[in-house]
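Engineer: Before I ask anything, here is the structure I am working with.
The values are calculated or read from the model by the stated rules, or taken from the named source; none is laboratory data. Quantities reported herein were computed from a predicted structural model and do not represent experimental measurements. In this analysis, Cβ positions are derived from the backbone assuming ideal geometry, glycine residues included, and neighbour counts consider all displayed protein chains. Side chains included, ligands, DNA and RNA excluded: accessible areas come from the protein's heavy atoms. Shrake-Rupley method; radii C 1.70, N 1.55, O 1.52, S 1.80 Å.
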Amino acid sequence: MESDIKRTRSLIKHLVIALLSVAAMGIVNAKTSMTYTELYNKLPLSESEFTSLQSEFDLKSSEHATMMELLSSYNSLHKRRMSCRAVDNTLTVKQMDALSIDKTHYVTVLFYVDSVNKSRCERAAYEHFLRLLAVNLVVQKEPKSVELINSMNTLSSRLYGDFREFKAEFNLLPEQVRETALNADYLNKNFNLFATLDSVMK
């Protein structure tokens with residue numbers, strides 16, 4: 001039980017860090033003559049803000065144009081991630097009981113299947129972002145631009161680092177538990193993780 005509590009705290013810690021890093025990029029009032037870093041820190045932008053900021057860059061420059069495409073794709077990815085989290089579907093005690101697995105495994109199972117669901121939900125937006133990231137790594141020459149690209153890559157990929165940890169924890173569970181969880185249709189549909197934890201861990 002003690003090891004399970006430690007595992008739960010570790011999993012929650014990683015999610016909190018990820019959520020705080022996302023929150024740190026909240027929208028603030030727009031201003032003119034922004035550096036790339038200032039623009040990045042504003043993400044996600046509203047459509048009107050983004051259109052306004054685009055006009056401030058010299059889009060005749062291929063470096064600026066490709067950077068704006070990358071920023072736009074990251075903006076879209078961030079919005080998609082928020083949309084993937086903003087779901088009303090909450091798993092019930094009855095559904096979890098139907099799995100016939102020990103309640104001490106619930107946290108590990110739920111964190112893992114949730115990360116799989118969220119990854120699937122954002123996949124198209126994330127893959128589009130990665131393609132533009134690769135293009136910018138080739139095109140951009142200015143050190144500040146390269147630094148920004150690397151920062152975006154690190155931040156956008158952080159959730160997948162958490163996913164690997166969740167998967168490693170999940171793979172330590174008994175085979176029957178893993179198979180049961182992976183074969184449950186309702187676990188493979190996007191759900192609200194924290195609302196579900198509140199519901200089933202009482």
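Engineer: On the first, second and third principal axes, largest extent first, how far apart are the outermost C-alpha atoms of the range 90-171 in Å?
Structural biologist: 56, 21, 18
Engineer: Next up: Test of understanding: what is the full-extension gain from Lys79 to Asp102, defined as 0.36 nm times their sequence separation minus their Cα-Cα distance?
Structural biologist: Extra length available between Lys79 and Asp102 comes to 4.7 nm.
Engineer: Also: Measuring with a 1.4 Å probe in the full set of protein chains, what accessible area per residue, in whole Å², belongs to the range 67-126? Provide the component values of the computation, followed by the final result.
Structural biologist: Details: 2520 Å² over 60 residues.
For the range 67-126, the per-residue accessible area is 42 Å².
Engineer: If I take R0 = 22 Å and measure r between the Cβ atoms of Arg164 and Arg120 in this structure, what FRET efficiency does the formula 1/(1 + (r/R0)^6) give, to the nearest 0.05? Intermediate results must be reported in sequence, preceding the final value.
Structural biologist: On the way: r = 16 Å, r/R0 = 0.72.
For Arg164 and Arg120, the calculated efficiency is 0.85.
Engineer: Per residue, how many Å² of accessible area does the range 143-202 show with a 1.4 Å probe? Show your work: numbers first, answer last.
Structural biologist: Numbers: 3440 Å² over 60 residues.
Result: 57 Å² per residue.
Engineer: Between Tyr186 and Lys94, what is the label-to-label distance in nm when each label sits 7 Å out along the Cα-to-Cβ direction?
Structural biologist: With each label placed 7 Å out from Cα toward Cβ, I get 0.7 nm.
Engineer: For labels at Met201 and Leu137 in the simple 7 Å Cα→Cβ model, what's the distance in nm?
Structural biologist: Here the answer is 3.6 nm between the modelled labels.
Engineer: In sequence order, what are the phi-derived ³J(HN,Hα) couplings for the range 163-170 according to the Karplus relation 6.51 cos²θ - 1.76 cosθ + 1.60 with θ = phi - 60°, rounded to whole Hz, with x for glycine and proline?
Structural biologist: 4, 4, 5, 4, 5, 4, 5, 4
Engineer: May I ask you to give the percent of accessible area on the range 111-200 that is carbon plus sulfur, with a probe radius of 1.4 Å?
Structural biologist: With neighbouring chains kept in place, the figure for the range 111-200 is 53 percent.
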